[in-house]
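Q: Sharing a structure with you now.
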Amino acid sequence: MKTSFVDGAFVAPDSQADLLDNRNPSAPTEIVDRFARADAALAEKAIQAAAKASLTWRRSSPQVRATILDRIGTEILARRQELAEVLAREEGKIVREALGEVDRAGHSFKFYAQEALRANGEKFDSVREGVGVDVFTQPVGVIGIISPWNFPIAIPAWKIAPALAFGNTVVFKPAELVPSSAWALAEIISRSGLPAGVFNMLIGPGRTVGDAILRSPQVDAITFTGSESTGRQIAQLAAQRMIRVQLEMGGKNPLVVLDDADLDVAVEVALNGSFYSTGQRCTASSRVIVTAGIHDAFVERLAARTKALRVGDALSGDTDIGPVVDPSQLKQNLSYVEAGLEEGATLVCGGQHLENDKGAYHFSPALFTNVRSHMRIYREEIFGPVLAILKVADYEEALAAAEDTPFGLSAGIVTTSLKYAEDFKRRSSAGMVMVNLPTAGVDYHVPFGGNRGSSLGPREQGTYARQFFTRVKTTYQLA
Ligand code: UN1
């Protein structure tokens, strides 16, 4: 039985503990790992430990932080195959994609190892004679990290690494659907040389453990990735407490395909963005907006490619699309397919629960045409491989359709026209814009984030992460 990590040690298993079974979505009777759930009291202990450790860790040498983070990154990369298999087993992401995710996690730690050393600060002459001004950044304090199930190691990594690099301490709560990758990461961190209390991990439910983190007066900032509804609740709590918050939530990311597109590129970009990772990415392109001249050829080719995708066990090398993460997500996908049909869209292929003897949550990628912009499949985030294709007359209509959404995470365009590519990059209100590339699948060393209903607060990743994980101080001194 595995447990949470608090104040420098994995807590002793308690026979009274509430148990959590981590199941494999490719074979749900198989238990990947069993955990003792943390409760509010343990959360409180972790928060106190983080607050105490913060007093010294905030003054630690950048070299100490760099060395430790680099060590963590090195071990993650060295054990990539094993960690990818754990990830595939608990989340259902295929091993090929899981390897990419593990690499991203390892590289994030190595990137922030260097960022810890990056000098920062500015000196100014005051407007008053004889006075000097220094501006520099300092740690925020205790960071509460709440991460989702769809990137079980990369998202924790890109939140934990900058938090530690910039001298903060951490209380981390992974999603209960994916505790095994988080546990493996915590185990690596536990041997990295960090002082006790600097990093704590709690495996437990949002309503007790998450709530304790959100409400504790000792927690100075919250970074969260997950659903929009939870994000809104967190934003309200953070506003009441007047603490810093960073939220990454949903998306309904548009991919525009213009008449002048290279058809092969358009089809591959749509296929990857809409269906890979089983569509379970906030950056997925779940609506494609296609101009009339290329529409029919595009749909025909995309349908053929979609039907050829092999849905199967995440651990098998032959699989293109792994299972949906759990029964409730499967139900949600199926209910959106139902909604699309009821609203009059045409289901070209997929949209079915593919039952097998292991009870896997397999779902065939769904392609809808004859979509209207008021339909739920076109407007709402589904978080599954369900794609709605909207036909439009020209570029201007495509841009207007792309912008017609309460979200603003990523957006893409497939075109061979420099003019349209440049125009789209400037006029799209999404936080990330891709040209001839899928809307999902981003780098670790540049900012990540969106606008409107998708994100709130400073950007994650790259050098921009410093904005969230540090405070600015301005000092004045008479010479
Ligand atoms: C990616 O598309 O490479 O939860 C990353 C998510 C995002 C990460 C997407 N925060 O899907």
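The values are calculated or read from the model by the stated rules, or taken from the named source; none is laboratory data. Remember, predicted model here, so these are calculated numbers, not experimental data. Cβ atoms come from the backbone with ideal geometry, glycine included; neighbour counts cover every protein chain shown. These accessible areas exclude ligands, DNA and RNA; they are computed on the full protein's heavy atoms, side chains included. Shrake-Rupley method; radii C 1.70, N 1.55, O 1.52, S 1.80 Å.
Q: Identify all residues within the range 272-309 that are within 16 Å of the ligand (Cβ to nearest atom) and hydroxyl-bearing (Ser, Thr, Tyr); write none if there are none.
A: If the condition is that a residue be within 16 Å of the ligand (Cβ to nearest atom) and hydroxyl-bearing (Ser, Thr, Tyr), then SER274, TYR276, SER277, THR278, THR283, SER285, SER286 are the ones that fit.
Q: Additional query: Using beta carbons and a limit of 8 Å, which pairs, at least six apart or on different chains, have the first residue in the range 148-160 and part of a helix (DSSP H, G or I) and the second one near the ligand (Cβ under 6 Å from one of its atoms)?
A: Correct list of pairs: ILE155/PRO148; ILE155/THR225; LYS159/THR225.
Q: Identify the residue in the range 25-64 that is of a type outside the set (A, V, I, L, M, F, W, C) and crowded, with 23+ Cβ neighbours inside 10 Å and, among all such residues, is nearest to VAL324 (Cα to Cα). Full working, then the answer.
A: Within the range 25-64, the first condition is being of a type outside the set (A, V, I, L, M, F, W, C), and the residues that meet it are 25-26, 28-30, 33-34, 37, 39, 44-45, 48, 52, 54, 56, 58-63.
Imposing the further condition that a residue be crowded, with 23+ Cβ neighbours inside 10 Å reduces the set to 25-26, 54.
Details: PRO25: 7, SER26: 8, SER54: 39 Å.
Only one residue tops the list, namely PRO25.
Q: Given (1) under 25 Å from LEU55 (Cα atoms); (2) more than 16 Å from the ligand (Cβ to nearest atom), where does ARG128 come up short, assuming only one miss?
A: Condition not satisfied by ARG128: (1).
Q: On to the next question. Inside the range 159-197, can you point out the residues that are over 19 Å from SER54 (Cβ atoms) and open to solvent by less than 10 Å² (accessible area, probe 1.4 Å)?
A: Filtering the range 159-197 for residues over 19 Å from SER54 (Cβ atoms) gives 174-185, 187-188, 191.
Of everything in the range 159-197, those that are over 19 Å from SER54 (Cβ atoms) and open to solvent by less than 10 Å² (accessible area, probe 1.4 Å) turn out to be PRO174, VAL178, PRO179, SER180, SER181, ALA182, LEU185, ILE188.
Q: Does the range 309-321 contain at least one residue that is under 24 Å from the mean Cα position of the chain (by Cα) and within 25 Å of MET432 (Cβ to Cβ)?
A: Scanning the range 309-321, I find at least one residue that is under 24 Å from the mean Cα position of the chain (by Cα) and within 25 Å of MET432 (Cβ to Cβ), so the answer is yes.
Q: Check GLY132, GLY92, GLY100 and return the single one that is on the phi > 0 side of the Ramachandran plot and assigned by TED's automatic domain parsing to the domain that holds LEU55.
A: GLY92
Q: Give me the residue from the range 234-253 that is open to solvent by 10 Å² or more (accessible area, probe 1.4 Å) and in contact (Cβ under 8 Å) with a residue 12 or more places away in the chain and, out of that set, nearest to ARG287 (Cα to Cα).
A: Residue satisfying both the conditions and the ranking: MET249.
Q: Please determine whether any residue of the range 133-141 is touching a residue at least 40 places away in the same chain (Cβ under 8 Å), within 16 Å of the ligand (Cβ to nearest atom) and open to solvent by less than 10 Å² (accessible area, probe 1.4 Å).
A: No, the range 133-141 contains no residue that is touching a residue at least 40 places away in the same chain (Cβ under 8 Å), within 16 Å of the ligand (Cβ to nearest atom) and open to solvent by less than 10 Å² (accessible area, probe 1.4 Å).
Q: Okay, moving on. I'd like to verify a number: residues in the range 344-354 that are in a loop (DSSP other than H, G, I, E, B) and closer than 20 Å to GLN280 by Cβ, how many?
A: 4
Q: Further, regarding this structure: Please state which one of GLU381, GLU397 is open to solvent by 30 Å² or more (accessible area, probe 1.4 Å) and more than 16 Å from the ligand (Cβ to nearest atom).
A: GLU397
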